[in-house]
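The values are calculated or read from the model by the stated rules, or taken from the named source; none is laboratory data. This structure is a prediction, so every number in the text was calculated from the model and none was measured. Don't worry about glycine lacking a Cβ; one is built from the backbone with ideal geometry, like all the others, and counts go over all protein chains shown.
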Amino acid sequence: MPEHWRLSPSDFAFLWEECPRCFYLKVVRGVHQPTTMPGIFNRIDLIMKQFFTGKSTAEIAPALPPGTVAFGEKWVESRPIAVPGHGSTCFIRGKVDSVVKFDDGSYGVVDFKTSAARGHQLPLYARQLHSYAYALENPAPGKLNLAPVSRLGLLCIEPVEVLSLEEGGYAYRAQPTWIECPRNDGAFLAFIDQVLTVLDLPEPPQPGPTCRWCQYLETTRQSLLP
């Protein structure tokens with residue numbers, strides 16, 4: 001029977017890339033990989049978004065057109081996405097990292113990364129950025145609607161040294177790097193085509209060759225066999 005799958009942009013990078021089986025199990029059967037992300041990174045991420053909200057693009061990424069970081073951490077949800085050749089549909093639902101409002105009336109989707117700039121990972125994050133842009137421009141009824149989205153990219157914040165503060169305590173000095181993500185809606189919809197092909201399988205696909213969670217489950221299963 002055709003389904004209407006809910007897709008989370010945060011799963012489009014490493015979960016999909018590492019293990020289509022785990023992706024399938026999460027979306028289709030609600031079985032999640034255990035997460036080990038230390039809480040301190042969530043705290044750093046929140047502080048960073050609060051700091052940049054209201055800042056001009058000239059301060060954070062001079063390569064961007066004039067504008068202001070409008071907000072971060074807001075839920076977005078798209079209308080149904082139908083792909084030719086599939087009976088099932090899907091929709092995007094997730095929290096956009098930050099949105100920039102440019103002076104020309106268009107918008108930018110920005111994903112903050114506390115790391116060194118690594119351009120080779122951009123194709124992975126491009127799926128996530130495009131999914132937010134799609135949801136903002138094609139929202140479900142009553143959901144956040146911002147259009148057009150003219151720029152996508154990563155703002156990488158790399159700590160480079162620790163400073164002593166006069167009032168006591170310490171601070172990290174960090175170097176920002178803007179990595180532009182060219183808009184390619186055709187490639188994004190082709191990716192959604194691949195996702196629907198996997199999700200419509202009657203059984204989970206084979207695990208990814210480097211998925212440690214699947215390896216652990218298989219080792220455990222084998223150890224319990226008589």
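Observations on the model:
- Selection within region 56-70 - surrounded by fewer than 18 Cβ atoms within 10 Å (Cβ to Cβ) and within 9 Å of GLY108 (Cβ to Cβ): PRO65
- Taken across region 109-123, residues that are in contact with a Pro (Cβ under 7 Å, 6 or more places away or on another chain), closer than 29 Å to ALA58 by Cα and at pLDDT 95 or above do not occur at all.
- Any hit, region 54-70, residues being of a type in the set (Gly, Ala, Ser), in contact with a helix residue (DSSP H, G or I) (Cβ under 7 Å, 6 or more places away or on another chain) and modelled with pLDDT under 95: no
- Looking only at region 123-143, and only at residues there that are among the aliphatic types (A, V, I, L, M) and within 13 Å of the chain's Cα centre (by Cα), the one that is surrounded by the fewest Cβ atoms within 10 Å (Cβ to Cβ): LEU124
- On inspection, ALA13 does not qualify as more than 27 Å from GLU218 (Cβ to Cβ) and modelled with pLDDT under 95.
- For region 105-122, filtered to residues that are surrounded by 15 or more Cβ atoms within 10 Å (Cβ to Cβ) and in contact with a Cys (Cβ under 7 Å, 6 or more places away or on another chain), the residue that is farthest from PRO176 (Cα to Cα) is LEU122.
- Among the residues of region 170-183, the ones that are of a type outside the set (Ser, Thr, Tyr) and surrounded by fewer than 13 Cβ atoms within 10 Å (Cβ to Cβ) come to 4 in all.
- Here LEU146, LEU129, LEU136, LEU154 are screened, and the one residue that is aliphatic (A, V, I, L, M), closer than 18 Å to MET48 by Cβ and modelled with pLDDT of 95 or more is LEU129.
- Residue under evaluation PRO2, criteria (1) modelled with pLDDT of 95 or more; (2) of a type outside the set (A, V, I, L, M); (3) under 18 Å from PHE91 (Cβ atoms), criterion not met: (1)
- Test result for GLU77, surrounded by 11 or more Cβ atoms within 10 Å (Cβ to Cβ), of a type outside the set (Val, Ile, Thr), more than 16 Å from TYR107 (Cα to Cα) and over 20 Å from the mean Cα position of the chain (by Cα): no
- Cβ pairs under 9 Å, 6+ apart, first in region 160-188 and within 14 Å of VAL109 (Cα to Cα), second acidic (Asp, Glu) and surrounded by 10 or more Cβ atoms within 10 Å (Cβ to Cβ): CYS181/ASP111
- Scanning region 1-39 for residues that are touching a helix residue (DSSP H, G or I) at 6+ places or on another chain (Cβ under 8 Å) and either among the polar types (S, T, N, Q) or over 23 Å from VAL110 (Cβ atoms) (or both) yields a total of 17.
- Residue that is surrounded by the fewest Cβ atoms within 10 Å (Cβ to Cβ), among those in region 1-37 that are within 21 Å of LEU154 (Cβ to Cβ) and free of Cβ contacts under 8 Å to residues at least 24 places away in the same chain: MET37
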